[in-house]
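The next block holds one structure in the form of structure tokens; read it before the comments.
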Amino acid sequence: MEHIALEKIPHKRIRSFIQTQLNNDVQSVKDLEVSFRRGDSIEEFNKHERTYFAQHKIDDVWNCYIKTGPNKVFKDKLVSFALMLSKQNEQEVLYKEGAFLKAEIGQVYFMNLSILRGLIQIAVSYEITEINPAKKIIDFAYIKGGKSIGFQRISFVEVQVNLTQIKHTTHYKSNSKFRDRYMYPYFHTKVLEEYHLSMIGSMTAALAV
């Protein structure tokens, strides 16, 4: 973790989040722990779900989501990309302006969430825990130390030849029932809309060439 160039990260909350991890003796990327593992109970978690549609073949949609980096999708409105680390290649660090190759299991993403016109800044970090090309599923879990714990799943279903359903399901909880009931669903919906609509828009432009 000490190989991270903090000066390349413009977000104070992200720098503080990483420094806190270092202070907690997290020396390696592999030491970062997810807050939810496959097989854990979701009984006490809240559920949030949104569905989107892309008028493209499912394989084209899947490839776009796998190969398009969040540093190119989030436009610094509500969410800003900070950096990406990899548990498979610990020396790999993707900063905001870097070249993204493809999504892989073990990648850890750091995002800065800016709400209420920037009055509140929240560091968000999650790890990709599963990529299943056959079932067309991408799973990722929040890293311990953030405001929320839980996991998210993006699933892709072919409705017809040129129409793909994209379902984003989140199971989450925090130490605040008020936050879980009122704040998280509202802002999480905005984050998902920013991500998926931007992804679908860039996909449509790319496939039209």
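The values are calculated or read from the model by the stated rules, or taken from the named source; none is laboratory data. All values reported here derive from a predicted model rather than from experimental measurement. Neighbour counts run over all protein chains shown; Cβ positions are idealised from the backbone, glycine included.
Quick notes on this structure:
- Among residues of the stretch 43-59, those that are in a helix (DSSP H, G or I) and in contact with a strand residue (DSSP E or B) (Cβ under 7 Å, 6 or more places away or on another chain), counted: 1
- Hey, residue 156 among the aromatic types (Phe, Trp, Tyr), in contact (Cβ under 8 Å) with a residue 12 or more places away in the chain and out of contact with any helix residue (DSSP H, G or I) (no Cβ under 7 Å at 6 or more places or on another chain) or not: no
- Test: residue in the stretch 184-197 that is under 30 Å from residue 31 (Cα atoms) and either without any contact (Cβ under 8 Å) to a residue 60 or more places away in the chain or basic (Lys, Arg) (or both): no
- Any chance residue 82 is of a type in the set (Gly, Ala, Ser) and modelled with pLDDT of 95 or more: no
Here is a yes/no grid of residues against (1) in contact with a Cys (Cβ under 9 Å, 6 or more places away or on another chain); (2) closer than 18 Å to residue 193 by Cβ; (3) of a type in the set (Val, Ile, Thr); (4) part of a loop (DSSP other than H, G, I, E, B):
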| residue | (1), (2), (3), (4) |
| --- | --- |
| 61 | no, yes, yes, no |
| 71 | no, no, no, no |
| 80 | no, yes, no, no |
| 89 | no, no, no, yes |
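- Within the stretch 108-128, residues that are closer than 21 Å to residue 93 by Cβ and of a type in the set (Val, Ile, Thr) reach partners that are at pLDDT 90 or above and assigned to a strand (DSSP E or B) with beta carbons closer than 6 Å, at six or more positions or on different chains, in the pairs 108/85; 108/127; 124/111; 124/113; 128/107; 128/140.
- If only residues of the stretch 157-185 that are among the aliphatic types (A, V, I, L, M) and not in a strand (DSSP E or B) are counted, the one that is nearest to residue 47 (Cα to Cα) is 183.
- Residue pairs whose Cβ atoms lie under 9 Å apart, separated by 6 or more positions or on different chains, with the first residue in the stretch 46-64 and in contact (Cβ under 8 Å) with a residue 24 or more places away in the chain and closer than 30 Å to residue 182 by Cα and the second among the basic types (Lys, Arg) and surrounded by fewer than 16 Cβ atoms within 10 Å (Cβ to Cβ), are 46/181; 49/167; 50/167; 51/167; 52/167.
- Cβ-Cβ under 7 Å pairs, at least 6 apart or on other chains, the stretch 16-36 side in contact (Cβ under 8 Å) with a residue 40 or more places away in the chain, far side assigned to a helix (DSSP H, G or I): 18/6; 32/21
- Those residues of the stretch 84-103 which are without any contact (Cβ under 8 Å) to a residue 12 or more places away in the chain and polar (S, T, N, Q), in sequence order: 89
- Within the stretch 158-209, considering residues that are more than 18 Å from the chain's Cα centre (by Cα) and among the polar types (S, T, N, Q), the one modelled with the lowest pLDDT: 204
- Qualifying residues in the stretch 141-156 (those that are in a loop (DSSP other than H, G, I, E, B) and among the small types (Gly, Ala, Ser)) - the one nearest to residue 58 (Cα to Cα): 148
- Residues of the stretch 11-48 that turn out to be out of contact with any Leu (no Cβ under 9 Å at 6 or more places or on another chain) and at pLDDT 85 or above, as a count: 23
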